[in-house]
Each structure stands twice: as structure tokens, then as C-alpha cells.
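**Student:** Supplied in C-alpha cells, the structure appears directly below.
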Amino acid sequence: MKLRAPHIVGIALLAIGIIAVLVVQLTGLGKSATNGFGLTTVNGVVGSEKAAFFADPEVQKVFADNGLRVDVTTAGSWSMAERPGLTDGDFAFPASEVAAQHIAQVHPDAVVGTHEPFFSPMAIATFEPVLRVLAESGVASQGADGRWTIDMAAYLELVSTDVRWNQLPGAAGVYDSPRSVLITSTDIRTSNSAGMYLALASYVLGGDRVVSTVEQADELLPALTHLFVSQGYAGASSAAPFADYLSQGMGAVPMVMIYEGQFLEEQLKPNSRIQPNMVLATPGPTIFSAHTGVTFSEGGEQVMRLLETDADLARLLAAHGFRAQGEHAGVFDAFIAEQGLSDAYAPSSSFVNIAQEPAYETLDYLLTRIGEAYTLSGAPPPTEESTEPPGGTP
């Protein structure tokens, strides 16, 4: 059949349409939509530890000044990759580089880019009497700068022999609880902060080395399983055990593993629940939670670029306890000095003893085995974090 001009035009338009659809699908263009206020709405899934930051009206204003309205829902970082419809949004923002790598592995065709705009060291929220009791046994120490450190190797030795608080020297009349010496964490089956605690403990128990084989992991599993199963019920989100620490006090939650930023964020609130005897201690070694954004569209890229480069956002990150990386890396230390909190938060450049996370496959193996033991212990099924937006958006 001889093609006529109208046929040729029709075929050309069809080809252009197909190409346009492919471009949109491959680049993520078109996911973000412009609303009635001229702002482009960008949707993301974030770990609960970042919910307050994205809900902050000042943060939303910075995004709005740059033409964006950013709506987020929360989900556990470790389970984020398997969340249905994840790549229909513009970005995912777990609290772990390894969790982000897993997202990229599960959705290789949807990823536009990855970014690490800020980080937060893991820390231990505790009480001064508890630290003084631990110091009697050489487990905790206070530096000349006033900051406390908990020796993780010495702590894990106490846990391995199921030492009770009232068995420690100096506990009488100070903290003579009959409970086992244990750091409280979140539910290891769902929460990233528990996964970071696991990575840290495995590094220390492995002789300050990253666990890299199944054989090494199997050797450490009994001690690591005891560390989590002995806690009993654990909250699903990073916010739950810290809320118990703030409300129930030293008798119920003497030590809890948190993101450093959770303590600072609470400390800066007008009606802060931080009491004078509440102390933030640094585990030695500590481990960094590298908040890593995985983008699925140009809208997601815009959000990450602003987090990496905008000076106002860097200061707001500091106010929520996050340490910016890149050109605004010094903002956190300057903010802490302004707040008169330099005796509680170490400068970013001063961290030397830092553990590393195992590869995703190794950490997932440990999480799965310990999660199975946790379930067999009679613990209730894991509860996923809320998927509701953390706050109103403009």
C-alpha cells in the first residue's frame, strides 16, 4: 500500500507519542504535579525520624520558595524497598546507606539518583546515675569536655553474663535495679535504628571488624540474638522507645539506643521533656546513620539538591539534630555552639572510632535469623510504622 501524506503525519505523531511516554517513564518526569498555588507537589516516603523535619513550617516554606510542596509519609527504612507502590512517588529516604542500596537493587529501572545530604550518629539516651554506676565498672567514662562515652565491648561483656544492675559496684542507693543490664532498642524486624544497633554490636563482637561471611555471622548469632530477644517487646518506630525513656524514666528505660538528633530535637523544644539528669552518651565505637535519598523523578532530585545546597535548610537540619554534609558541613557545629550545647555534642570532625555496616546481604541474614528467634520467643507480630502524613502541609 502506498503511504499518503496523512498516513505519514499520523505515523510520525504516533512515534512522537511513544517516545514521549518512554521519556516520562524512564526519567520520572510527570510524577510531580503542579497544584493551584503554582507549587509542584513532590511525594516521598521517609523514615519516622525525619517526619518532624519535613512537617516543620519553616522547612516547608523553604521548599515553597523554590516552587515545591513536599508531602511525605513514613515507613520503616529496612522494609521500605518492599513497600507497594514505592516508586510511584518521587523519592524514598531511608536512614541507612545499606537500606538505600537495597532499594536501588530491588528497583533498578526506577532509580534516577542517590544522595546523602546529612547523617546522624547513633547515641544512647540514659541518666547520669546510670552512667556513674557503669563508670565504677569501667564501662562508661566522662571526658574532660564533659561528654560521656559507653565502651561497647565492656557493655557487651556484661550482657553476655546477664549481669543485673544491682550486682554492679556502686549500684547500692544509686541504681540498684534487679533488671538485666541492657540497652533498649526498637523492633529489629522492622526498624532501621535497631538494624544500626545490630551492625554496631556485630562489629564490636567481631573484634572491631565488619562481619563479611555467613560463617562469621553464625558465630556471633547467639550473642546478638540474646541482645535483642532479652528485651521483650520493642516498639516498631525509632520514636517509641525514646518516648518511653522520656515519660517513664530511669526505672523503666535506663538506656535506649537512638539517633543523636532525636535527643537534640527534643532538647530544643519549648516544652522539652529532657530533665537535668538525662544524658546523651556516645557509644564507643559509634556508627553513623547516613540518611540516603533514592530518587525516582526530577522532583525527587530537586528535593535532594536543595537538602544538599540550601543554607537555610542546613540550619533547619541542625535544629532537628541532623548533621549536613558537603558545603554546609560546618553549620551543625556552629548551631550547637550558639545553643551553648558544645559540652553534649561532639564536633563532626572529632569522631574517630566509627563502626561500619556489613553488606546488605549479611545484615539481612542477621536480621532475619534474629527476627525469627524474636518471633519464636512469643513476641507479637511486627507492626509497621504509620503511613499517615506526619503533619499538615501548606
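**Student:** Collect the residues in the stretch 334-359 that are in a helix (DSSP H, G or I) and either among the small types (Gly, Ala, Ser) or crowded, with 18+ Cβ neighbours inside 10 Å (or both), keeping them in residue-number order.
**Tutor:** Residues satisfying the conditions are Ala334, Phe335, Ile336, Ala337, Ser348, Ser349, Ser350.
**Student:** Considering each of Lys50, Lys31, Lys61 in turn, give the residue that is modelled with pLDDT under 95 and in a helix (DSSP H, G or I).
**Tutor:** Lys50
**Student:** Okay, moving on. So which residues in the stretch 145-190 are touching a residue at least 60 places away in the same chain (Cβ under 8 Å), hydrophobic (A, V, I, L, M, F, W, C) and over 29 Å from Ser350 (Cβ atoms), if there are any at all?
**Tutor:** Trp165, Ile188 - these are the residues of the stretch 145-190 that are touching a residue at least 60 places away in the same chain (Cβ under 8 Å), hydrophobic (A, V, I, L, M, F, W, C) and over 29 Å from Ser350 (Cβ atoms).
This table checks each residue for (1) free of Cβ contacts under 8 Å to residues at least 12 places away in the same chain; (2) surrounded by fewer than 23 Cβ atoms within 10 Å (Cβ to Cβ); (3) not acidic (Asp, Glu).
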| residue | (1), (2), (3) |
| --- | --- |
| Asn66 | no, yes, yes |
| Val70 | no, no, yes |
| Thr74 | no, no, yes |
| Ala81 | no, yes, yes |
| Pro117 | no, no, yes |
| Ala125 | no, no, yes |
| Glu128 | no, yes, no |
| Val133 | no, no, yes |
| Gly143 | yes, yes, yes |
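**Student:** Kindly provide the set of residues from the stretch 193-204 that are open to solvent by 10 Å² or more (accessible area, probe 1.4 Å) and either more than 16 Å from Ala355 (Cα to Cα) or hydrophobic (A, V, I, L, M, F, W, C) (or both), ordered by number. If you could, list the steps in order and put the result at the bottom.
**Tutor:** Taking the stretch 193-204 first, the residues open to solvent by 10 Å² or more (accessible area, probe 1.4 Å) are 203-204.
Across the stretch 193-204, the qualifying residue is only Val204.
**Student:** Next up: Which one of these is under 17 Å from Val229 (Cα atoms), in contact with a strand residue (DSSP E or B) (Cβ under 9 Å, 6 or more places away or on another chain) and of a type in the set (Asp, Glu): Asp162, Asp208, Asp151? Show your work before the answer.
**Tutor:** On the way: Asp208 fails: under 17 Å from Val229 (Cα atoms); Asp151 fails: under 17 Å from Val229 (Cα atoms).
Asp162 is the lone residue from the list that is under 17 Å from Val229 (Cα atoms), in contact with a strand residue (DSSP E or B) (Cβ under 9 Å, 6 or more places away or on another chain) and of a type in the set (Asp, Glu).
**Student:** Leu220: within 22 Å of Ile150 (Cβ to Cβ), in a helix (DSSP H, G or I) and more than 23 Å from the chain's Cα centre (by Cα), yes or no?
**Tutor:** Details: within 22 Å of Ile150 (Cβ to Cβ): yes; in a helix (DSSP H, G or I): yes; more than 23 Å from the chain's Cα centre (by Cα): yes.
It is true that Leu220 is within 22 Å of Ile150 (Cβ to Cβ), in a helix (DSSP H, G or I) and more than 23 Å from the chain's Cα centre (by Cα).
**Student:** Have a look at Gly321, Gly326, Gly299, Gly293 and point out the one that is outside the structural domain of Val139 (by the TED database) and either aromatic (Phe, Trp, Tyr) or open to solvent by 50 Å² or more (accessible area, probe 1.4 Å) (or both). Step through it out loud before you land on a result.
**Tutor:** Values: Gly321 fails: either aromatic (Phe, Trp, Tyr) or open to solvent by 50 Å² or more (accessible area, probe 1.4 Å) (or both); Gly299 fails: either aromatic (Phe, Trp, Tyr) or open to solvent by 50 Å² or more (accessible area, probe 1.4 Å) (or both); Gly293 fails: either aromatic (Phe, Trp, Tyr) or open to solvent by 50 Å² or more (accessible area, probe 1.4 Å) (or both).
Just a single option satisfies the conditions, and that option is Gly326.
**Student:** Continuing with the same structure: Do the conditions hold for Gly261, that is, is it assigned by the TED database to the domain that holds Ala100, surrounded by 20 or more Cβ atoms within 10 Å (Cβ to Cβ) and touching a strand residue (DSSP E or B) at 6+ places or on another chain (Cβ under 7 Å)?
**Tutor:** Answer is no for this residue.
**Student:** Quick one: which residue in Pro222, Pro276 is surrounded by fewer than 16 Cβ atoms within 10 Å (Cβ to Cβ) and within 24 Å of Phe335 (Cα to Cα)? It would help to see each step written out before you state the result.
**Tutor:** Working: Pro222 fails: within 24 Å of Phe335 (Cα to Cα).
Answer to the check: Pro276.
The values are calculated or read from the model by the stated rules, or taken from the named source; none is laboratory data. Computed from a predicted structure; not experimentally measured. Here Cβ is always computed from backbone atoms with ideal geometry, including for glycine, and neighbour counts include all displayed protein chains. For accessibility, only protein heavy atoms count, side chains too; no ligands or nucleic acids. Shrake-Rupley method; radii C 1.70, N 1.55, O 1.52, S 1.80 Å.
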